[in-house]
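Notes follow the structure.
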Amino acid sequence: MRRVLVLGGTGWLGRAVAEAALRDGAEVTCLARGESGEPPACARFVRADRSADDAYSGVGEVWDDVVELATDPAHVAGALEALSARAAHWTFVSTISVYARTDRAGDDEDAPVVEPVEPVDPTPYADAKVTGERATRRARGTDALVVRPGLIVGPGDPSDRFGYWAARLDRGGDVVTPVLEGRAVQVVDVTDLAEWIVRAGRAGTVGTVDAVRPSTSMGAFLDEVRAATGFDGRLVAVDDDTLLAQGVAYWAGPASLPLWIPAGEVGFARRAGLAFLAAGGTTRPLAETVRRVVEDERARGVGRVRRSGVTDAEERRVLDVVRPG
């Protein structure tokens, strides 16, 4: 039986990886503080503070695969020092946010990445992930898999970005959107990603891979949400300048229109993604992911307080500006 260690197996993606490894027949251990929740029931849980000197004393075995999800460069380096010699395969989960340019569509894994500026506290997310990638390559040479996922979506997403649109269209009425022409969405389903990470570990896949499904237009994405929710309201497209003037933010967070990115950053949602397919990555139809998210949003409450998106009051303020009287 394969032995898989997930470093951070209690958060959203980490738990999905642990569940996928269990389905694949592996013996799974999750090492984490446990502040994000519990690992899957059939996984062994080693509770540890990764800042402590003895953080890895409870996982001294030999591993067929180690999956590292941490962002903190010190945690990444500490795990490599303690465990790399006892791991047949090593996966570091990074992000497409590491790329230095987002103004070009169709870039692949050879595109330049940001150059971390040190010391900065807290370390910016992209800088931290680049530092983690470099530490992994120093320790493992070419014998490691660096995964750069795009926006990870699916049931249970704690960021509330993709699910904002499912919840908002499910509530009906007039819905503020950015101008859709020329806008794209590129995501990866959390289950597809987790299952591929497990398969890639079993196959011994190495190298750097952007884990993304093919890009789709934002209009086509909202058509899928419309179909899944039965939305019969009206989409009200508002230009960027008006949205920004009304305090609406790009991409994520409070008072945002999730997945809306500046027109000059087309590359962020249009990466090539060919290496993922070549390495055995598979992607379910976008409609299936949307249906799963709609079901999840309904179960969690489409009117709940969200981490991303505009509130009803914020949306009404925009609507009042674009349809006065």
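Looking at segment 275-287 only, could you name the residues that are surrounded by 15 or more Cβ atoms within 10 Å (Cβ to Cβ) and not small (Gly, Ala, Ser)?
Across segment 275-287, the qualifying residues are Phe276, Leu277, Thr283, Leu286.
Being assigned to a loop (DSSP other than H, G, I, E, B) and buried (at least 19 other Cβ atoms within 10 Å of the Cβ) narrows it down to one of Thr91, Thr102, so name that one.
Just one listed residue meets the conditions, Thr102.
Just to be sure, is Asp53 without any contact (Cβ under 8 Å) to a residue 24 or more places away in the chain and among the charged types (D, E, K, R)?
Against the criterion (without any contact (Cβ under 8 Å) to a residue 24 or more places away in the chain and among the charged types (D, E, K, R)), Asp53 qualifies.
Please tell me if Asp170 is at pLDDT 95 or above and either among the hydroxyl-bearing types (Ser, Thr, Tyr) or outside any strand (DSSP E or B) (or both).
Spelling it out, Asp170 is indeed at pLDDT 95 or above and either among the hydroxyl-bearing types (Ser, Thr, Tyr) or outside any strand (DSSP E or B) (or both).
Kindly indicate which of Val236, Val266, Val305, Val293 is of a type in the set (Val, Ile, Thr), without any contact (Cβ under 8 Å) to a residue 12 or more places away in the chain and either outside any helix (DSSP H, G or I) or closer than 28 Å to Trp196 by Cβ (or both).
Val305
Among what's in segment 1-37 and is part of a loop (DSSP other than H, G, I, E, B) and in contact with a Ser or Thr (Cβ under 6 Å, 6 or more places away or on another chain), pick the residue that is surrounded by the most Cβ atoms within 10 Å (Cβ to Cβ).
Checked segment 1-37; the qualifying residue surrounded by the most Cβ atoms within 10 Å (Cβ to Cβ) is Thr10.
Of the residues in segment 106-145, how many are out of contact with any helix residue (DSSP H, G or I) (no Cβ under 7 Å at 6 or more places or on another chain), outside any helix (DSSP H, G or I) and within 25 Å of Val185 (Cα to Cα)?
5
The rows are residues; the columns are (1) surrounded by 16 or more Cβ atoms within 10 Å (Cβ to Cβ); (2) under 24 Å from Pro155 (Cβ atoms); (3) out of contact with any Phe, Trp or Tyr (no Cβ under 9 Å at 6 or more places or on another chain); (4) outside the structural domain of Arg199 (by TED's automatic domain parsing).
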{"residue": "Ala227", "(1), (2), (3), (4)": "no, yes, yes, yes"}
{"residue": "Asp232", "(1), (2), (3), (4)": "no, no, yes, yes"}
{"residue": "Pro258", "(1), (2), (3), (4)": "yes, yes, no, yes"}
{"residue": "Ala269", "(1), (2), (3), (4)": "yes, yes, yes, yes"}
{"residue": "Val290", "(1), (2), (3), (4)": "yes, yes, no, yes"}
{"residue": "Glu295", "(1), (2), (3), (4)": "no, yes, yes, yes"}
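Without any contact (Cβ under 8 Å) to a residue 12 or more places away in the chain and either surrounded by fewer than 20 Cβ atoms within 10 Å (Cβ to Cβ) or not acidic (Asp, Glu) (or both): which single residue out of Val130, Val117, Val146, Val113 fits that description?
After applying the criteria, what remains is Val117.
Being hydroxyl-bearing (Ser, Thr, Tyr) and closer than 24 Å to Arg291 by Cα is the filter here, so list the residues in segment 231-254 that pass it.
none
The values are calculated or read from the model by the stated rules, or taken from the named source; none is laboratory data. Predicted, not measured: the structure shown is a model, and the values here were computed from it. Positions of Cβ are backbone-derived with ideal geometry, glycine not excepted, and every protein chain shown enters the neighbour counts.
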